[in-house]
1. Report the net charge of residues surrounding residue 29, where surrounding means a beta-carbon distance below 11 angstrom and charges are Lys +1, Arg +1, Asp -1, Glu -1.
2. With the calculation restricted to Cα positions, what are the radius of gyration and Dmax of region 1-93 in angstrom?
3. Once label points are set 7 Å from the Cα along Cα→Cβ at both residue 66 and residue 54, what is their separation, rounded to one decimal in nm?
4. So which of 65/192; 65/116; 151/279; 14/65 end up more than 25 Å apart by C-alpha?
5. To the nearest 10 Å², what's residue 144's accessible area with a 1.4 Å probe?
6. Tally up the carbon and sulfur contribution to the accessible surface of region 34-157 as a whole percent, 1.4 Å probe, everything protein left in place.
7. Counting Lys +1, Arg +1, Asp -1, Glu -1, what net charge surrounds residue 73 among other residues with beta carbon under 11 Å of its beta carbon?
8. Once the piece of chain linking residue 128 and residue 270 is laid out straight, how much longer is it, given 0.36 nm per residue of separation minus the C-alpha distance between them?
Amino acid sequence: MPNNEQELTTLTEKLVNAVREYGLVDASIDEYQITCNSIIRFAENHGLKDYSQDLIALYANEIDKRVGSGECCKEYGRFKRRVLRMLSSLAETGEVDFSKAPSQSTKYHVSDDSLKLVEDILNSQHISEKTRSDLRAPIRHLFWYAEEHGKSPHTLDDEAVMMFIIDEIPRTNGGSTGRTLRCVKYVTEYLKENGNTHITHDYRKLTLKNDKRMIIPSFSEEEIKSMSEAIDTSTPLGKRDYAIILMAYCTGLRGADLLLIKLADIDWKKERVSVVQSKTHTPVVAALNGATLNAIADYILEARPECDVPEVFVTTRRPFRALACNLGQMIDKYCEKAGVKKIHFRAFHSLRRAFETVMVSNGVPIEIASQMMGHRGISEDKPYITHDKEKVAFVALGFDDVPIRNGLYAGIGSHLPDQKGGDAQ
């Protein structure tokens, strides 16, 4: 553990050098230097020369005062706070934390204690970082609602929780009720386990009255072919995107898992890739066909920048880092180029749906398809399968033996072919 009693000038020099090595442009480095200089001057004015958490707190309060008076804009105030956080991480751990701090919602502002509690609750659950990001806003929403009604998270009671569910959610966030109920379960259980005696109900039993699962159309093979042909594979960006789309369609892996694949995870001889799913934390081995292997190899050998990043897919500009872009935007771009119709909710994840749809349509048993998808049970496959109308019609029962005498289908049996393919008699 680094010695926290560090001379401030030396510590800020280390921070600026770390920022420079990280690869930021000169203009950004200058801003870090300016902020570090202002921290040093602030410390000298208070008779201090060493780093301490008290100094960080004092300077943070100074930032808030300047922002509140209009002397400093909010954006620059956030930047100064980021520098403080990076300086603290360097002093406390010996390394600079370049990750972004959880941002406050512009809609649901909560106290600092509540904001910290949000992270504590999320850390108590075995969930992926993507899920954490999705659940932060609903938990903040609950704490905001409690504070608006004069209650802190530690005095939150059953009446406030139920009013939040019954009155607040349908009015402000009805489209995410399932996610919000999940957050209510996490929050109430955590608070009860940590001393809140005002919550007595068991909210783990809460379920939506109608748990409807929407069957979203997958991309057809023709649409995927059109998208892939619309990619300019003569550019590094095009080679990378082409490899990602082919890999998604070939393996059925989630976008988040694709971006986590490392160079060492690809077995070129056995033509497969191994990955631990970020959602279920279970290992999956997916086969890679020749076209996909060629696309990946072409990207790695011809377009991937030389860098120490272990992940396969990286940014095209410095500083080179593992790709963490919105793959949905990538799909939208190539759909537009290829003239593929934009359907509501159909995005990058629909390549995964297409993978299972093709398997099942070609006779792969649903149980095997489910295992290849990395699902924990076949009930999870229902939203993924887009049924082929011709195959549905093929397996549907005819009306020949059903005595329908009234309504729309009356007499329809006389128009249907018999099972041998001839006309009905």
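1. That sum, taken over residues with Cβ under 11 Å, equals -3.
2. 12.9, 39
3. Each label point is offset 7 Å from its Cα along the Cβ direction, giving 2.2 nm.
4. 65/192; 151/279; 14/65
5. Residue 144 exposes around 60 Å² with every protein chain in place.
6. Carbon and sulfur atoms account for 50 percent of the accessible area of region 34-157.
7. Once positives and negatives cancel, what remains is +2.
8. Roughly 48.2 nm would be gained on extension.
The values are calculated or read from the model by the stated rules, or taken from the named source; none is laboratory data. None of the values given here were measured: they were computed from a predicted structure. Every residue, glycine as well, gets a Cβ built from its backbone with ideal geometry; the counts of neighbours run over all protein chains shown. Note: accessible area is taken over every heavy atom of the protein model, side chains too, but ligands, DNA and RNA are not part of it. Shrake-Rupley method; radii C 1.70, N 1.55, O 1.52, S 1.80 Å.
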